[in-house]
């Protein structure tokens, strides 16, 4: 449902908008499908048994088990993949998706991400 919602938004709006516009539309679409969606979910860092709020926020946490990170950038780089892998690790989630809406073809901007073995 996540990929399909992203594709629908891309088909209607196309590339080139701000990330915040796509975020707003995705939140709307995912809620339409009765998914449990947390947006801009704070993700604390635990260090030496101390919970630190250092500003990490997941774009979306879906059904408390799937992390969705969205971008609207010229191209995805290793740092974007590293970011979502870090979010998966901090949230103890196994699956995630990285979507870059600023591409010529939607499918070329989508990366499914797995945190360790399933």
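The values are calculated or read from the model by the stated rules, or taken from the named source; none is laboratory data. Fair warning: this is a prediction, and the values are worked out from it, not measured in the lab. Because the Cβ atoms are built from the backbone with ideal geometry, glycine has one as well, and the counts that use them run over all protein chains shown.
Before moving on, here are some points about what is shown:
- Residues satisfying the stated conditions in the range 91-116, i.e. modelled with pLDDT under 95 and buried (at least 16 other Cβ atoms within 10 Å of the Cβ): 91, 115
- The set of residues in the range 52-85 being closer than 15 Å to residue 40 by Cα, free of Cβ contacts under 8 Å to residues at least 24 places away in the same chain and over 12 Å from the mean Cα position of the chain (by Cα) consists of 53, 54, 55.
- Hey, residue 88 touching a residue at least 24 places away in the same chain (Cβ under 8 Å), surrounded by 14 or more Cβ atoms within 10 Å (Cβ to Cβ) and over 15 Å from residue 3 (Cβ atoms) or not: yes
- Qualifying residue in the range 23-39 (condition: out of contact with any helix residue (DSSP H, G or I) (no Cβ under 9 Å at 6 or more places or on another chain), touching a residue at least 40 places away in the same chain (Cβ under 8 Å) and surrounded by 14 or more Cβ atoms within 10 Å (Cβ to Cβ)): yes
- Tally, over the range 102-114, of residues that are in a loop (DSSP other than H, G, I, E, B) and either touching a strand residue (DSSP E or B) at 6+ places or on another chain (Cβ under 7 Å) or touching a residue at least 40 places away in the same chain (Cβ under 8 Å) (or both): 3
- For the range 1-101, the helices (runs of 4 or more DSSP H) that sit wholly inside it and include 2 or more residues that are farther than 21 Å from residue 114 by Cα and in contact with a strand residue (DSSP E or B) (Cβ under 6 Å, 6 or more places away or on another chain) are 19-32.
- Taken over the range 88-112, the criterion of being more than 19 Å from residue 21 (Cα to Cα) and in contact with a helix residue (DSSP H, G or I) (Cβ under 6 Å, 6 or more places away or on another chain) is satisfied by 96 alone.
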